[in-house]
Amino acid sequence: MWIYVLLGNVLRGIGETPVQPLGISYIDDHALEENAAFYIGCIQTIMVIGPVFGYLLGSLCAKIYVDIGFVNMENISIDPGDARWVGAWWLGYLIAGFLTLLSAIPFWFLPKSLPLPVDPQLEKGSAEQANSIKEHKYQADEPANCLEMAKDFLPALKSLLGNPLYFLYLCVTIIQFNSLIGMVTYKPKYIEQHYGKSASTANFLMGVINIPAVALGIFSGGVVMKKFKLSVMGAAKFALGTSLLGYALSFLFLAMGCENSKVAGVTASYQGVEGPSYSESALYVQCNAVCHCSGKEWDPVCGEDGITYASPCLAGCHSSRGSGKTMMFGDCSCVGAGNHTARVGLCQDRKSCDNILPYFLTVSVLTSFIISLGGTPGYMLLIRCIQPQLKSLALGFHTLATRTLAGIPAPIYFGAIIDTTCLKWGQKSCGGRGACRIYDTAAYRTAYLGLTLSLRAVSFLLCIWGFVVLRRQVRRQERAPLTNGALAGATMAAELEALRKDEAEAEENQGSDHQNQAHTHIHTHTETQIKRQSQSESQIGSDCNHPERETRLNQNTICCHCD
């Protein structure tokens with residue numbers, strides 16, 4: 001059955017993936033430069049708000065039993081807080097699929113292209129000045145056939161990956177997305193195991209508290225880009241600074257640990273002495289030796305002594321009364337207090353964890369907001385560091401790489417590492433190992449947070465390298481116009497000096513007729529050089545955005561004035 005779920009997710013991914021790279025490229029091509037960051041920030045904010053409703057829907061579905069409508073719920077003895085509970089995961093797909101189908105309809109009404117925007121302040125200027133603001137815009141030609149597109153694909157991809165700044169940005173985002181996706185995937189489970197919350201509650205907390213902070217951070221980053229008109233270098237500094245600050249705050253999570261639930265023979269002894277055990281033999285003691293219990297069974301009961309037992313049998317219980325969630329067990333020889341009774345379910349004895357949870361959520365919201373502030377500036381850096389005609393390919397390849405090299409492997413190896421901290425495994429009804437029922441919370445915290453922080457630390461090393469490459473590239477672009485202007489001025493001066501010598505020789509050696517002819521030749525040649533210099537100055541002015549630059553002719557002398 002998992003193959004059908006896999007194929008369904010593949011089709012869903014094919015449908016949803018092109019919306020982001022092609023949509024963002026569409027917006028960037030048809031918006032003013034100072035507004036593009038704000039618009040893209042709005043789109044990314046909405047894309048983050050979507051998971052808020054997804055988590056809320058997941059929280060609702062997690063409260064509904066997976067076989068709702070097919071079983072008598074009165075006979076179900078477990079609740080959503082039990083590790084064996086499975087929610088109606090399939091219901092979310094039906095609801096989300098129907099809403100996605102409705103949302104696809106407006107895309108049919110978008111125009112193929114829009115006129116390129118022109119800043120109103122530049123409309124009064126020259127055509128060269130108006131075009132300089134749109135140097136990163138690109139309007140595609142008419143679509144070619146598949147053969148021509150296939151021939152152009154590999155050279156375009158080679159040119160794209162040959163851009164050192166784009167390649168470093170791609171590596172950084174792949175590593176950071178590995179950290180992000182692994183953290184987000186297992187954060188609800190982390191809240192469940194550490195703070196004793198149900199899957200429904202954990203999803204609700206993620207959707208209502210954590211995800212809105214990410215959306216607000218992304219939107220605020222777009223506003224900052226628009227208000228302060230950050231350059232490419234400014235955007236890189238802002239993104240790196242917020243990421244480093246959020247990374248430093250993330251270390252506080254290591255201090256917000258919580259003790260294990262007391263489970264006899266698993267996290268504590270039958271006398272209540274805490275200490276995790278990975279051996280199944282620790283479940284068997286003298287008080288349950290005559291019961292011949294299975295060590296693989298997980299049907300927890302809470303004894304009057306405040307200790308959870310893996311099953312009524314391992315608690316040494318000899319009698320029971322009631323049914324379902326109200327069932328009680330008596331004559332439990334391993335329960336060392338009260339009437340030697342036990343009830344169904346885990347003991348809720350982790351009040352200290354309830355006190356730590358608000359601090360965990362507060363730091364989580366703060367770090368999510370700060371890190372997300374650099375999301376939009378970082379994305380604008382990606383758009384600006386590539387050639388306009390390669391923009392759609394670059395964004396599409398970026399999405400492909402992050403989803404393939406981060407979205408697929410991260411949950412797998414994160415899950416494998418987290419599973420090494422499992423203390424008690426369940427057993428499938430048809431045999432074989434099932435899901436983990438209880439983890440060693442200290443080891444879980446170290447593995448989960450340590451892997452997340454380590455991946456981000458590696459990404460920062462590449463960030464520093466990329467920052468150096470970007471600064472060199474920006475300085476090179478700043479020096480290029482000045483160097484071109486100086487070379488052009490020196491060349492023109494040499495040519496004019498040669499013209500004066502030719503004129504002097506013509507006056508000495510030739511008659512007045514020949515002299516007039518030389519003047520005419522010099523004047524014509526000078527006008528040609530003026531036109532060439534004017535074209536060169538126009539090119540430099542377009543690159544530097546210096547409309548004050550001008551060229552003058554005064555007594556056979558050309559002066560290039562540049563502020």
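Quick notes on this structure:
- Volume per residue of the convex hull around the Cα atoms, evaluated for region 196-337, comes out as 157 Å³.
- Student exercise, region 1-127 dipole from Lys, Arg, Asp, Glu Cβ charges, in Debye to nearest 20: 280 debye
- Ranked packing of 191-200, 43-52, most packed first, by mean Cβ within 10 Å: 191-200, 43-52
- A 1.4 Å probe run over region 283-417, with the rest of the protein chains in place, finds 44 Å² accessible per residue.
- Region 1-63 shape via C-alpha gyration tensor axes, a/c threshold 1.5: oblate
- Distance from region 382-419 to region 6-46 (C-alpha centre basis), Å: 14 Å
- Amide H partners (placed H, <5 Å) of GLY434, local residues excluded: GLY426, GLN427, LYS428
- Three-way shape call for region 197-258 based on the alpha-carbon gyration tensor, with the a/c threshold at 1.5: oblate
- For LEU423, distant residues with modelled amide H under 5 Å away: ILE438, TYR439, ASP440
- Given LYS112/LYS187; LYS187/LYS226; LYS226/LYS391, the pairs whose alpha carbons are separated by over 31 Å: LYS112/LYS187; LYS187/LYS226
- Computed P(r) (all Cα pairs; region 331-371; 10 Å bins; percent): 22, 27, 20, 16, 11, 3
- Per DSSP, loop trypsin sites (Lys or Arg not before Pro) in region 366-456 with at most 16 further Cβ within 10 Å: LYS428
- Rg in Å to one decimal, and Dmax rounded to a whole Å, for region 1-105 via C-alpha atoms: 19.0, 63
- Kirkwood Rh and Cα Rg combined as Rg/Rh, region 167-233: 1.13
The values are calculated or read from the model by the stated rules, or taken from the named source; none is laboratory data. Source: prediction; values computed, not measured. Using ideal geometry, Cβ is built from the backbone for each residue, glycine included, and neighbour counts are taken over all protein chains shown. These accessible areas exclude ligands, DNA and RNA; they are computed on the full protein's heavy atoms, side chains included. Shrake-Rupley method; radii C 1.70, N 1.55, O 1.52, S 1.80 Å.
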